[in-house]
Amino acid sequence: MTNFREKYGAWALITGASSGIGAEFARQLAAKKLDLILVARRKNRLVKLAKELRAQHGIEIKTVPLDLAKPGFLKTLLRQVATSNVGLLVNNAGFGIAGSFTDQPLEDELRMLDVNCRAALILAHEFANRMVQHRRGGIIMVSSVAAFQGVPFMSHYAATKAYDLILGEGLYHELKRFGVDVLTLCPGATATEFAQVAGGKDFPQAMAVAPVVAEALDALGKKSHVVTGAKNKLSVFATRLLPRRLTSYAAMQVMRRLGRSGRA
Ligand code: NAP
C-alpha cells in the first residue's frame, strides 16, 4: 500500500471540502496521515470537519473559506498557505446546472465555468510548477462520466467536465517524467449535495462517496483516469462503441427520466 506522506509530502489541498466527495477525500487522506488544507465557501462546515479530523488523526489542518469563482482567489489562497508545501492537490470543487440551456442566466453558466474549469486550471498550474521543482507530487482532477458525451439539459456542465478530463489526461503523461502523478476521477451519480445544487431531486441508485474516493486514491499513480463503479465503467465503455450522436441521445433520455429537461 502506498505511503502517501512519503510519496507526495505532508500537505494535501482539497477544494470543495465542505461537502460530498471533497469532504470524503479529506476523511480518507486524514486517515493516511496527511496534513490538510480545506477550501470551500462554507467556513462553518470546514471548521467542523477540521475539528473532527484533528481529534481523530492528530494531523494539522488549515481551513480556507474561499469563493473559487472570484478572479483573485489564488492570491488570497497563497497568502494563507504559503508556508505549507502542497504535495497533493485535489481539484474537486464544482457544481452542475440542470435544465434547458436557454433558460439559464449566462452569469450562472459563467460562474460554473470559473469554478469547474478556470479555478481547476489555475490551481493545477500553480501547484504543478512547485511539484515539478520538487520532483514529486500528485494532482487529482474530479471530472465525471458526463465528460464522455454531450448531455442534453446539462450540456454546459458536461462540457466543463470534458475540459477537466482532457486537461488531466494530457497532464498525466506530461508530468509523469517529473515524478508527478495525475489522475482524473470520473464518478457517476454519487450521493452528495450535487443533485440538489444542480436543481433537481437526488439521483436514484447513487454510489456512496466512500468507495468513489477509495477507488481514486487506489488508482493514483497507476492510471490516468478512473471511472468509478462497475455500472458506470460499462456505460462509459459503451460510449466508445456507439456513434457519438447516439450516446448523447441516450444521455438525453436519462435526463428526461430524471425530470431535468426544463420547459417543453
Ligand atoms: P457537493 O456535495 O455539492 O460538493 C461540491 C463542493 O464544491 C462543495 O464543497 C462546495 O462548497 C464546493 N464549491 C462549489 N462552488 C464553489 C465555489 N464557488 N468556491 C469554492 N467551492 C465551491 O457535490 P459533489 O458531488 O461532492 O461534487 C464534487 C465534484 O464531483 C464536482 O466537481 C462534481 O462535478 C463532481 N461529480 C459529482 C457527481 C455526483 O453525482 N455527485 C458525479 C460526477 C462528478 P461550498 O458550497 O461550501 O463553497
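The values are calculated or read from the model by the stated rules, or taken from the named source; none is laboratory data. Remember, predicted model here, so these are calculated numbers, not experimental data. Reconstructed Cβ throughout: ideal geometry from the backbone, glycine too, with neighbour counts over all protein chains shown. Accessible surface areas use protein heavy atoms only, side chains included; no ligands, DNA or RNA. Shrake-Rupley method; radii C 1.70, N 1.55, O 1.52, S 1.80 Å.
Give me the distance in nm between label points sitting 7 Å out from Cα along the Cα-to-Cβ direction at K70 and L121, one decimal.
If labels sit at K70 and L121, their model points lie 2.1 nm apart.
Rounded if a/c is under 1.5, else prolate if a/b beats b/c, else oblate: with a ≥ b ≥ c from the C-alpha gyration tensor eigenvalues square-rooted, which is segment 214-264?
Here segment 214-264 falls in the prolate category.
List every residue whose amide H lies under 5 Å from the amide H of I37, counting only residues 5 or more places away in sequence or on a different chain, with H placed 1.01 Å from N in the peptide plane.
For I37, whose amide H was placed from the backbone, the distant partners under 5 Å are A12, L13, I14, K62.
Filter the trypsin sites (Lys or Arg not before Pro) in segment 88-154 down to the DSSP loop ones having no more than 12 other Cβ atoms within 10 Å, then list what survives.
Those satisfying the criteria are R135.
Give me the extension gain from K233 to E52: residue separation times 0.36 nm, minus the current Cα-Cα distance, reported in nm with one decimal.
61.8 nm
What's the whole-number percent of alpha carbon pairs in the chain lying beyond 33 angstrom?
17 percent
At q = 0.20 Å⁻¹, what base-10 log of I(q)/I(0) does the Debye formula yield for segment 173-263 when every alpha carbon is treated as an equal point scatterer in vacuo?
Each listed q corresponds, in turn, to -1.08.
Can you give me the Rg/Rh ratio for segment 1-55, using Cα atoms for both radii and the Kirkwood formula for Rh?
Rg divided by Rh gives 0.97.
Students often get this wrong, so check it: of K51/K75; K32/K223; K51/K176; K70/K231, which have C-alpha atoms separated by over 29 Å?
Beyond 29 Å between Cα atoms: K51/K176; K70/K231.
Per DSSP helix of 4 or more residues, -39500 (n - 2.57); summed, then divided by the residues of the chain. What does that give at 222 nm, rounded to the nearest 500?
It lands at -15000 deg cm²/dmol.
Express in nm, to one decimal, how much length is gained between S100 and F178 on full extension, taking 0.36 nm for each residue of separation and deducting their alpha carbon distance.
So the chain would gain 23.7 nm between S100 and F178.
May I ask you to evaluate 6.51 cos²θ - 1.76 cosθ + 1.60, the Karplus curve with θ = phi - 60°, for each residue of segment 105-114 and list the ³J(HN,Hα) values in order in whole Hz, giving x for glycine and proline?
Residue by residue, segment 105-114 yields x, 4, 5, 5, 5, 5, 5, 5, 4, 5 Hz.
Can you give me the % of accessible surface on segment 194-264 that is carbon or sulfur? Probe 1.4 Å, all protein chains present, nothing else counted.
For segment 194-264, the apolar C and S fraction of the accessible surface comes to 59 percent.
Can you work out the accessible area per residue across the chain, with the rest of the protein chains kept in place, probe 1.4 Å, in square angstrom?
That works out to 49 Å² for each residue.
At a 1.4 Å probe, what is the % contribution of carbon and sulfur to the accessible area of segment 44-94?
Heavy-atom surface of segment 44-94 belonging to carbon and sulfur, 1.4 Å probe: 52 percent.
If you line up the long axis of helix 155-176 against the longest principal axis of the chain, both from Cα atoms, how many degrees apart are they, to the nearest 10?
Relative to the chain, helix 155-176 is tipped by roughly 40 degrees.
What accessible surface, in Å², does a 1.4 Å probe find on F194, ignoring ligands, DNA and RNA and rounding to the nearest 10?
Surface accessible to solvent at F194 totals approximately 50 Å².
Tell me, what ³J(HN,Hα) does each residue in segment 198-203 have, in order and in whole Hz, if you take phi through Karplus 6.51 cos²θ - 1.76 cosθ + 1.60 with θ = phi - 60° and put x for Gly and Pro?
My calculation for segment 198-203 gives 6, x, x, 7, 4, 5 Hz in order.
Output needed for segment 86-158: three equivalent-ellipsoid semi-axes, defined as square roots of 5 times the C-alpha gyration tensor eigenvalues, in descending order, whole Å.
30, 13, 7
For A214, project a label point 7 Å along Cα to C-beta. Then give me every residue of segment 3-31 with its amide nitrogen under 18 Å of that point.
3-4, 20-31
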